[in-house]
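Right, one structure below, let's go through it.
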Amino acid sequence: MIIDDQHYDVIIIGTGAGGGTLAHKLAPTGKKILILEQGEFLEKESSELVDTEVFRKEQYHAPEQWYDNEGEPFYPQTSYCVGGNTKIYSGVLMRMRERDFEEVQHKDGLSPAWALKYKDFEPYYTEAEQLYQVHGKSEDDPTEPLHSGAYPFAEVAHEPQIEVIKDVLLKQGLHPSHLPLGLGNQGRTDSEDTGISPALKYPNVTLKTSAQALYLHTNASGCEIKAVQAKIGHQSYLFLGSMIVLSCGAINSSLLLLRSANEKHPNGIANSSDGVGRHLMKQQLSVVVQLTSSAYSGLSQRTLGVNDFYWGDEQYPYPMGNVQESGGILQDVIFSEAPPLLSIFTRIMPEFGLRQLATRSIGWWLQTEDLPNPHNRVRIAGDRLHIDYEPSNVEAHDRLVYRWLDVLKAVQAEQPSRFGRNGVFPRSDMPIQVVAHQCGTCRFGVDPKTSVLDLNCRAHEVNNLYVVDSSFFPSSSSVSPALTVIANALRVGDHLIQRLMNE
Ligand SMILES: Cc1cc2nc3c(=O)[nH]c(=O)nc-3n(C[C@H](O)[C@H](O)[C@H](O)COP(=O)(O)OP(=O)(O)OC[C@H]3O[C@@H](n4cnc5c(N)ncnc54)[C@H](O)[C@@H]3O)c2cc1C
């Protein structure tokens with residue numbers, strides 16, 4: 001094992017939404033920062049992920065197998081590269097609703113209150129929207145919480161046929177809104193271009209790629225992390241740091257903590273609550289496809305969202321969730337996972353047919369809150385990573401899908417020449433390998449018995465260990481998670497800057 005001869009003020013592990021953003025925040029402090037990322041720079045820009053090949057290749061899967069409830073192996077759809085999953089995400093950067101921070105009764109149980117509230121996150125949402133150049137318009141969605149300032153950029157216009165749908169929805173008394181989108185000169189803003197690359201301009205910041213953190217080593221008393229052991233190529237290295245920040249994604253951060261068990265932390269680092277790896281949430285996700293009579297590019301951004309069913313309606317007084325138009329389906333990596341709607345079909349379809357289908361389809365993306373369940377967890381058995389997972393809120397999600405199918409049928413009835421009249425809308429739910437919205441495996445809170453992290457996202461039991469990815473979520477909400485991860489990394493960044501300056 002090679003012991004690196006440097007001592008770092010901060011070691012950040014992972015460069016996705018959490019880690020990349022934190023690196024950007026801490027870089028100007030002049031403190032010595034090491035970033036470890038197990039992936040490499042992605043050759044293609046995220047905006048170039050635009051091809052029918054998306055449906056055929058397994059390139060957006062991690063190069064490793066995980067195991068499901070039945071012990072069946074699967075390749076998770078997650079991106080190990082500089083920028084993490086923000087390199088393949090859709091760039092919809094939504095704020096959680098104000099009520100999402102409170103206890104909410106769902107059909108399947110309670111969504112717990114967060115110890116911090118919307119007002120605590122609001123300034124950081126604003127900072128996050130500035131940093132990731134969010135284009136949006138908050139006035140047309142009645143569920144949108146109060147913003148202290150306008151979005152930094154105006155909303156992205158809908159494609160003409162989405163505009164037609166919007167008008168029909170308005171006639172139905174719904175409130176179609178513009179989805180907030182992170183967009184820069186080169187397409188969707190991600191944590192490589194927005195976070196890591198600017199951070200690397202500072203001489204005090206070092207990035208090591210293809211560097212997989214394997215173990216955290218504590219001091220003798222177990223109350224501090226002394227070193228991070230990482231594999232680079234075939235060689236093991238030990239990196240020493242004062243503050244250690246995990247941002248490997250909710251599943252991989254908990255894996256690292258569990259795998260690093262030692263005498264002082266026999267159930268895994270910072271795990272005397274037995275909470276590490278538990279309460280894994282991943283939202284219920286479905287896609288519904290609406291076929292159109294006229295062709296379009298199939299390459300547009302997601303622009304239209306609907307939250308009229310978010311908190312329920314007269315017939316169903318429980319939260320159902322969020323609806324997003326998916327933009328051109330050629331651009332959406334998640335669709336490539338959807339069986340049997342597109343994946344099997346599209347793998348055997350000739351190129352021409354596939355393009356025809358893609359340019360005559362509008363995808364609708366539906367997402368429903370997943371409730372925290374201690375039995376849904378990341379578990380290690382020998383060398384294997386198991387995901388024990390049973391979905392929650394299945395009925396609420398089905399209701400959302402059926403509400404949306406009724407809406408689409410009404411759109412057809414209004415505009416049969418554009419959208420046909422057959423009433424056929426292929427639907428698919430997302431299988432276990434879609435872990436895109438994973439969160440909750442190291443929840444933050446006040447009580448060390450029921451949470452892993454304190455309110456600054458520092459491990460209750462380890463003085464210099466932080467987690468800034470989506471692990472800290474006590475509940476998943478039904479909105480897309482990345483903006484909350486980014487805002488939280490900025491919030492924790494402020495705390496770390498204070499701490500670094502005082503020590
Ligand atoms: C196809 C897709 C579309 C999505 N669309 C949206 C969207 O439109 N809006 C939205 O809000 N969210 C979206 N998401 C979710 C969003 O991308 C995630 O919520 C967000 O990226 C999570 O950030 P993170 O920091 O928790 O982890 P990640 O972004 O997953 O980053 C984790 C990083 O850690 C690295 N890593 C892991 N383990 C180790 C280790 N042991 N050592 C070193 N490095 C390690 C990984 O390689 C990765 O780079 C989407 C996700 C996917 C997959």
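At a glance:
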{"read-out": "Residues satisfying the stated conditions in the range 444-462, i.e. within 14 Å of the ligand (Cβ to nearest atom) and charged (D, E, K, R)", "value": "none"}
{"read-out": "Candidate set: the range 217-247, residues that are hydroxyl-bearing (Ser, Thr, Tyr) and surrounded by 15 or more Cβ atoms within 10 Å (Cβ to Cβ); chosen: the one nearest to the chain's Cα centre (by Cα)", "value": "Ser247"}
{"read-out": "Index of the failed condition, Val485 passing every other in (1) under 28 Å from Gly91 (Cβ atoms); (2) touching a helix residue (DSSP H, G or I) at 6+ places or on another chain (Cβ under 8 Å); (3) modelled with pLDDT under 95", "value": "(3)"}
{"read-out": "Number of the condition not met by Leu170 [criteria: (1) part of a helix (DSSP H, G or I); (2) under 22 Å from the mean Cα position of the chain (by Cα)]", "value": "(2)"}
{"read-out": "Test for Val424: is it within 21 Å of Glu127 (Cα to Cα), among the β-branched types (Val, Ile, Thr) and in a loop (DSSP other than H, G, I, E, B)", "value": "no"}
{"read-out": "Any chance Gln433 is surrounded by fewer than 22 Cβ atoms within 10 Å (Cβ to Cβ), within 16 Å of the ligand (Cβ to nearest atom) and of a type outside the set (Asp, Glu)", "value": "yes"}
{"read-out": "Candidates Glu98, Glu103, filtered to the one that is touching a strand residue (DSSP E or B) at 6+ places or on another chain (Cβ under 7 Å) and away from the ligand (no atom under 13 Å from the Cβ)", "value": "Glu103"}
{"read-out": "Scan of the range 194-214 for residues that are crowded, with 20+ Cβ neighbours inside 10 Å and within 15 Å of the ligand (Cβ to nearest atom), ordered by number", "value": "Thr194, Gly195, Ile196, Ala199, Ala211, Ala213"}
{"read-out": "Restricting the range 229-284 to residues that are part of a loop (DSSP other than H, G, I, E, B), farther than 24 Å from Gly493 by Cβ and among the hydrophobic types (A, V, I, L, M, F, W, C), the residue that is nearest to the ligand (Cβ to nearest atom)", "value": "Leu280"}
{"read-out": "Restricting the range 1-44 to residues that are farther than 16 Å from Val485 by Cα and within 19 Å of the chain's Cα centre (by Cα), the residue that is farthest from the ligand (Cβ to nearest atom)", "value": "Leu42"}
{"read-out": "Residues within the range 248-265 that are over 15 Å from Val462 (Cβ atoms) and either touching a Ser or Thr at 6+ places or on another chain (Cβ under 8 Å) or buried (at least 24 other Cβ atoms within 10 Å of the Cβ) (or both), tallied", "value": "5"}
{"read-out": "Output for the range 185-207, where each listed residue is assigned to a strand (DSSP E or B) and modelled with pLDDT under 95", "value": "Gly187, Arg188"}
{"read-out": "Residue match in the range 406-415 (condition: over 30 Å from Gln315 (Cβ atoms), in contact (Cβ under 8 Å) with a residue 40 or more places away in the chain and over 15 Å from the mean Cα position of the chain (by Cα))", "value": "no"}
{"read-out": "Residue in the range 398-406 that is touching a strand residue (DSSP E or B) at 6+ places or on another chain (Cβ under 9 Å), within 16 Å of the ligand (Cβ to nearest atom), farther than 19 Å from Asn69 by Cα and not basic (Lys, Arg) present", "value": "no"}
{"read-out": "Contacts under 6 angstrom Cβ, first residue in the range 426-442 being touching a residue at least 24 places away in the same chain (Cβ under 8 Å), partner within 10 Å of the ligand (Cβ to nearest atom) and among the hydroxyl-bearing types (Ser, Thr, Tyr), 6 or more apart", "value": "Val435/Thr78; Cys439/Ser470; Thr441/Ser471; Cys442/Ser471"}
{"read-out": "Output for the range 465-482, where each listed residue is in contact with a Phe, Trp or Tyr (Cβ under 7 Å, 6 or more places away or on another chain) and not in a loop (DSSP other than H, G, I, E, B)", "value": "Phe472, Ala482"}
{"read-out": "Qualifying residue in the range 103-115 (condition: over 23 Å from Ala482 (Cβ atoms), acidic (Asp, Glu) and free of Cβ contacts under 8 Å to residues at least 60 places away in the same chain)", "value": "yes"}
{"read-out": "Selection count, the range 100-118, where residues are over 20 Å from the mean Cα position of the chain (by Cα) and farther than 18 Å from Cys457 by Cβ", "value": "9"}
{"read-out": "Hits in the range 121-146 (condition: surrounded by fewer than 20 Cβ atoms within 10 Å (Cβ to Cβ), touching a residue at least 24 places away in the same chain (Cβ under 8 Å) and either in a helix (DSSP H, G or I) or under 19 Å from the mean Cα position of the chain (by Cα) (or both))", "value": "Glu122, Pro123, Glu127, Gln133"}
{"read-out": "The lone exception for Gln290 - which of (1) touching a strand residue (DSSP E or B) at 6+ places or on another chain (Cβ under 6 Å); (2) of a type outside the set (A, V, I, L, M); (3) within 16 Å of the ligand (Cβ to nearest atom) it fails", "value": "(3)"}
{"read-out": "Candidate set: the range 72-93, residues that are outside any loop (DSSP other than H, G, I, E, B), of a type outside the set (A, V, I, L, M, F, W, C) and more than 11 Å from Ser191 (Cα to Cα); chosen: the one farthest from the ligand (Cβ to nearest atom)", "value": "Pro73"}
{"read-out": "Any chance Tyr151 is part of a loop (DSSP other than H, G, I, E, B), of a type in the set (Phe, Trp, Tyr) and modelled with pLDDT of 95 or more", "value": "yes"}
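For (1) at pLDDT below 95; (2) closer than 20 Å to Arg491 by Cα, each residue gets a yes or a no:
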| residue | (1), (2) |
| --- | --- |
| Gln105 | no, no |
| Glu129 | no, yes |
| Gln133 | no, yes |
| Glu139 | yes, no |
| His147 | no, yes |
| Glu155 | no, no |
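The values are calculated or read from the model by the stated rules, or taken from the named source; none is laboratory data. Given the structure is predicted, the values throughout are model-derived calculations rather than measurements. Neighbour counts run over all protein chains shown; Cβ positions are idealised from the backbone, glycine included.
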